[in-house]
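J.: Can you read through this structure? Questions will come right after.
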Amino acid sequence: MALRLVLEECTITTRHPFVIARGSTTGYRRCWVRLIDEDGLEGWGEADPSSYYGETYDTVIATLQKLDRHMPEDPFDLEAAEARFAQVVPRNGAAARAALSAALHDLVGKRLGQPLWRLWGLDPHKAPASSFTIGIDTPEQMELKVREAAEYPILKIKLGTDRDEEILRTIRAITDKTLRVDANAGWTVERALRMAPLLKEYGVEFLEQPLPPEDLEGLAQVRRAANAHDLPVVVDESCIVASDIPRLARAADGVNIKLAKCGSLREALRMIATARAHGMLVMVGCMIESSLGITPAAHFTPLVDAADLDGAALIVDDPFTGATIAGGQIRLPTGPGLGVRRR
Ligand code: MG
């Protein structure tokens, strides 16, 4: 008997309107996915669609209904199940596929009575600290957000505006924490080249996605200039799946992996291996997600250099508990599977 798929809507709300170079909002509809086996054991996942990649709550539901006919009988059949999902929805289905991937892995872990990180042979103490993201805002609001992020040792600053210098100056004036910068594809080559020495001056640790995703020639140019200032360049929007990485290795120093982009936990592990084979840095990021969305990615953080898994920390009504962030440090749950519970 195939696994039974149950879908439930949940809404999560951010503390502040979350503004990046592309837009702003506070309320997010999320789909809670449950896969139920014949013994009544449940694997859980969450679909966190990103409009940037052409996905919405409604496309997620449509995709999941389409995939419902392709559920495996055996949750351990992970490779074949994920390959089939990707075959049925090759485009714009990553959020739905990621939720099913998480739910299958959760169910496998629960059947075996082991947390996912343990099935992967990872040391939970190797999980890195997570950065906390400061979205684009007025100087007063950004100061408030920096104060709210008191427990986080690393701040990720969203840039890509016409007042980036002012934003950096404002934040650097009130904190000496490690800063990372994400331009979310909002700069031109000229702008990025002008910003590079300034980022160095403000002690920025690395620069994420300065240019539009397809401009790899420009990216290589920006990377050379940034590297001259000891500033690595990481790609996010340019890098969706493992097969993107070889061509990116000539233009960037690292990749940002997100389950809502790559659509599968197994693909995330392939991305880590591919990036390492090219000598690249690996970071893991997230969308605005509840703890159910964040925790599957948290389980492979012992393999990465940098994490930006603050999605659940940015919301005020998390329906779940799972991986937590204490003093900025990611703590992996010890319960079986994902180790996520309903609050
Ligand atoms: Mg990013």
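The values are calculated or read from the model by the stated rules, or taken from the named source; none is laboratory data. The structure presented is a predicted model; accordingly, all values stated were derived computationally and were not measured. Using ideal geometry, Cβ is built from the backbone for each residue, glycine included, and neighbour counts are taken over all protein chains shown. Ligands, DNA and RNA are stripped out before the accessible areas are found, and what is left, the full protein with its side chains, is counted by its heavy atoms. Shrake-Rupley method; radii C 1.70, N 1.55, O 1.52, S 1.80 Å.
J.: Students often forget the sequence filter, so: which lysines lie under 24 Å Cα-Cα from Lys110 once same-chain residues fewer than 8 apart are removed?
T.: Lys126, Lys258
J.: Please list, or write none, the lysines whose alpha carbon is within less than 21 Å of the alpha carbon of Lys200, excluding same-chain residues fewer than 8 places away.
T.: Lys156, Lys158, Lys177
J.: Now a separate question. With unit charges on the beta carbon (Lys/Arg positive, Asp/Glu negative), name the residue among Gly293, Leu265, Val233 whose Cα is farthest towards the positive pole of the charge dipole of region 187-343.
T.: Value: Leu265.
J.: Moving on to the next point. With the dipole of region 48-165 worked out from charges on the C-beta (+1 for Lys and Arg, -1 for Asp and Glu) around the Cα centre, which of Pro90, His70, Met142 lies farthest toward the positive end?
T.: Of the candidates, His70 comes out farthest on the positive side.
J.: Using the charge dipole of the chain (Lys, Arg: +1 at Cβ; Asp, Glu: -1 at Cβ; taken about the Cα centre), state which of Ala306, Phe320, Val340 has its Cα farthest towards the positive end.
T.: Ala306
J.: Would you work out the Kirkwood radius for region 213-343? I mean one over the mean of 1/r across all pairs of different Cα atoms, in Å.
T.: The answer is 15.5 Å.
J.: For the chain, what is the calculated [θ] at 222 nm in deg cm²/dmol (nearest 500), taking -39500 (n - 2.57) for each run of four or more DSSP H residues and dividing by its residue count?
T.: Only helices count here, giving -10500 deg cm²/dmol.
J.: Where the accessible area of the chain is counted over protein heavy atoms with a 1.4 Å probe, how much of it, in %, is carbon and sulfur?
T.: Percent of accessible area from carbon and sulfur atoms in the chain: 50.
J.: In percent, how large is the relative contact order of region 188-320, given Cα pairs closer than 8 Å and 6 or more residues apart?
T.: RCO, region 188-320: 18 percent.
J.: Amide H neighbours of Asp317 under 5 Å, counting only residues 5+ apart in sequence or on other chains, H built in-plane at 1.01 Å?
T.: Amide H neighbours of Asp317: Thr13.
J.: Taking only the alpha-carbon positions of region 281-343 and ignoring solvent, what does the Debye formula give for the base-10 log of I(q)/I(0) at q = 0.13, 0.21, 0.28 Å⁻¹?
T.: Values returned for q = 0.13, 0.21, 0.28 Å⁻¹ are -0.29, -0.77, -1.32.
J.: Quick one: what does P(r) look like for region 82-168 with 10 Å bins over all Cα pairs, in whole %?
T.: 14, 24, 23, 27, 12, 0
J.: What distance in nm lies between label points placed 7 Å from Cα along the C-beta direction at Arg91 and Asp77?
T.: Label-label distance for Arg91 and Asp77, simple model: 2.9 nm.
J.: A follow-up question, please. Would you look at the GNM of the chain, springs on alpha carbons closer than 10 Å, and say which of Gly135, Gly254, Gly45 moves the most?
T.: Comparing Gly135, Gly254, Gly45 in the GNM, the peak value goes to Gly135.
J.: What residue among Asp39, Asp253, Asp305 shows peak mean-square fluctuation when the chain is described by a Gaussian network model with Cα springs under 10 Å?
T.: Asp39
J.: From the C-alpha coordinates alone, can you work out the Kirkwood hydrodynamic radius of region 7-151, in Å?
T.: Roughly 17.5 Å, rounded to one decimal.
J.: Label points 7 Å out from Cα along the Cβ direction at Gln65 and Thr138: separation in nm?
T.: 4.4 nm
J.: Quote the Stokes-Einstein diffusion coefficient, in whole µm² s⁻¹, for region 247-309, based on the Kirkwood radius over alpha carbon pairs, a temperature of 25 °C and a viscosity of 0.890 mPa s.
T.: On the way: Rh = 11.8 Å.
For these conditions, the coefficient is 208 µm²/s.
J.: Here's a follow-up. Please list, short to long, the whole-number percent of alpha-carbon pairs of the chain in consecutive 10 angstrom bins beginning at zero.
T.: Histogram of Cα-Cα distances, whole percents per bin: 6, 27, 35, 23, 8, 1, 0.
J.: How many percent of Cα pairs in region 197-258 exceed 18 Å?
T.: Result for the distance tail: 27 percent.
J.: Region 192-228 to region 286-343: how many Å between their Cα centroids?
T.: 29 Å
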